[in-house]
Amino acid sequence: MATVREGQRGVLLVVDVQVGVVGEAWDAPRIIGNLARLVERARTESVPVIWVQHSADDLPQDSPAWQLVPELVPAEGEPRVHKRFESSFEETSLEHELARLGATHITLAGAATNWCIRATAYGALDRGYDVTLVEDAHTTGSLEFSDGVRIEAAHIVRELNTVFTWLTYPGRKSGTAKAAEVVLGGAA
């Protein structure tokens, strides 16, 4: 069993809102707008913001596609975590940053819903953090399979939001909230 983290210290974790990740994503302008307002609210409420950026062969670090979208600019002193795997925890400095901040609760937003958001959310719960998924501040692209079946991005987002409404882990809280209503300080 994971070590359950005591307390109510929250952080906002912004995952992979990069030019090459959200450029073709579902409803990206609305999602990015919600996220920009959420980042500003976190700063106003003195809730730490942690930025995560993915790199891969098709998304090389420091390339134009790797950059965060222009609407989202980290403030001086806000931690940046660089990753190469879907989970923001695997072989990164994220756990160090969370420990340094005394975080117990992660408010999660970004991209891509079915890859890095899902992996990071489960990784956080597995490590004993409470998690709130911001239901209107994450996005992805649609999936098309070789047999012609297509899963629309809106349904992928809806599915993870639904899962997080019902997901239970012992001693931890998980849930969803809209960007305008989420409690950033830590209560799920």
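Values in this text are rule-based calculations from the coordinates and carry no lab data. The model shown is predicted, which means the values in this text are computed figures rather than measured ones. A quick note on method: Cβ atoms are made from the backbone with ideal geometry, for glycine too, and the neighbour counts reach across all protein chains shown.
Towards the positive end of the charge dipole of the range 10-177, with charges on Cβ (+1 Lys, Arg; -1 Asp, Glu), say which of Ile156, Val47, Pro60 has the farthest Cα. Going by the Cα projections, it comes out as Val47. Below 11 angstrom from the Cβ of Thr3, what's the summed charge of the other residues (Lys, Arg +1; Asp, Glu -1)? Taking every Cβ under 11 Å from that of Thr3, the sum is +1.
For the range 152-157, 3J(HN,Hα) computed residue by residue from phi via the Karplus equation (6.51, -1.76, 1.60; θ = phi - 60°) reads 5, 4, 4, 6, 5, 4 Hz, glycine and proline entered as x. Bridges between two residues of the chain, per DSSP, are antiparallel at a rate of about 15%. Taking amide H as placed 1.01 Å from N in the peptide plane, Ser93 has its amide H under 5 Å from the amide H of His82, each at least 5 places away in sequence or on another chain. Over the chain, DSSP H runs of length four or greater, each weighted -39,500 (n - 2.57), average out per residue to a 222 nm ellipticity of -8000 deg cm²/dmol.
Residues whose amide H falls under 5 Å from that of Gly110, counting only those 5 or more places apart or on a different chain, are Val15, His138, Thr139, with hydrogens built in the peptide plane. Running a GNM on the chain with Cα contacts under 10 Å, which residue among Ser146, Ser87, Ser55 ends up with the highest mean-square fluctuation? The residue that fluctuates most here is Ser146.
Normalised Debye scattering of the chain at q = 0.11 Å⁻¹ gives log10 I(q)/I(0) of -0.43, counting only Cα atoms as equal scatterers and leaving out solvent. Pairs of Cα atoms nearer than 8 Å and 6+ residues apart set the relative contact order; for the chain it is 29 percent. Full extension of the segment from Ser142 to Ala2, taken as 0.36 nm per residue of separation minus the current Cα-Cα distance, would add 47.1 nm.
Footprinting exposure proxy ranking of Lys173, Lys83, Lys178, fewest other C-beta atoms within 10 angstrom first, gives Lys178, Lys173, Lys83.
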